[in-house]
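Let me begin by presenting the structure, written as structure tokens, before commenting on it.
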Amino acid sequence: MNKPDYNKLMYEEINKGGAAGKKLLLHACCAPCSTACLERLKGLMQVTVLFYNPNIETDEYLKRKAELMRFINETGWADFLDCDHQKEAYYAAVKGLEGEKEGGARCAKCFELRLGFTAKTAAEKGFDYFATTLTVSPLKNAQLINAIGGACAQRYGAKWLPTDFKKGDGYLRSCRLSEQYGLYRQNYCGCIFSQNT
């Protein structure tokens, strides 16, 4: 069975007369992953970036947040919404899965935690859609992320915007934009378990 083309589905949703100019809450894990996503979305929707990443250890978390805020301030491509770090929520969510390999069940729980929080925030604050930059990475499973996003949308009464930002050379573009803006680019997802693998 063919996998859905989430990039095509995103544009269909935006172009069907319902999404253009509407408000999108975009979960972001870091500035580099945000670059190509925001470039693609600017002018299509009113984007607010949400930095909710309780999986990232404190020093790394602060470094990534500062870089993301700097990028957004320099480009003006989005607004920024901060929230509490909530590291304890991450450790509770992945309890018993600490030894899982990268990309496995621990990551799925982490996606569920972050996208659930984003969906809940989108519903509470009146956003028309929510999405995530996570699909720009070739190391992340876009089909899994979109399935979790859709489930979180149903749970919290928000509307999920399907994405696969790596399509159309999105990942390559994110690398080039990161270099252009001199962004700090990490080499691991941010959790202590991925750092040690």
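Expressed in nm to one decimal, what extension gain is obtained for the pair Glu88 and Lys8 from 0.36 nm per residue of sequence separation less their Cα-Cα distance?
Details: separation 80, 0.36 × 80 = 28.80 nm, distance 3.67 nm.
Stretched fully, the Glu88-Lys8 segment lengthens by 25.1 nm.
Under 5 Å from the amide H of Asp79 lie the amide H atoms of Val47, Thr48, Val49, each residue being 5 or more positions distant or on a separate chain, with H modelled from the backbone and absent for Pro and chain starts. One compactness figure for region 1-111 is 1.23, namely its Cα radius of gyration divided by 2.2 N^0.38 Å.
So what's the projected area for region 99-141, the Cα convex hull averaged over all directions, in nm²? Mind showing how you got there, number by number?
Working: hull surface 13.2 nm².
That works out to 3.3 nm², a quarter of the Cα hull's surface.
In this label model, Lys101 and Ile192 are separated by 2.4 nm, measuring between points 7 Å along each Cα→Cβ vector. When Ile192, Ile56 are compared by accessible surface with a 1.4 Å probe, the order from highest to lowest is Ile192, Ile56.
Would you kindly calculate the mean projected area, averaged across all directions, of the convex hull enclosing the Cα atoms of the chain, in square nanometres? Intermediate values should be presented prior to the final figure.
On the way: hull surface 43.2 nm².
Its Cα hull, projected and averaged over all orientations, spans 10.8 nm².
Quick check for you: with a 1.4 Å probe and neighbouring chains kept, what is the accessible area per residue of region 1-145, in Å²? Provide the component values of the computation, followed by the final result.
Values: 6480 Å² over 145 residues.
The answer is 45 Å² per residue.
Taking only complete DSSP H runs, can you tell me which helices of the chain stretch 20 Å or more along their own long axis by Cα positions and average at least -0.5 on the Kyte-Doolittle scale? Helix filter hits for the chain: 105-125, 142-156.
Based on C-alpha pairs under 8 angstrom that are at least 6 apart in sequence, region 43-101 has a relative contact order of 48 percent. Expressed as a whole percent, the accessible surface of region 1-128 that belongs to carbon and sulfur atoms is 49, based on a 1.4 Å probe.
The values are calculated or read from the model by the stated rules, or taken from the named source; none is laboratory data. All values derive from a computational prediction rather than experimental measurement. Positions of Cβ are backbone-derived with ideal geometry, glycine not excepted, and every protein chain shown enters the neighbour counts. With ligands, DNA and RNA removed, areas are computed over all heavy atoms of the protein, side chains included. Shrake-Rupley method; radii C 1.70, N 1.55, O 1.52, S 1.80 Å.
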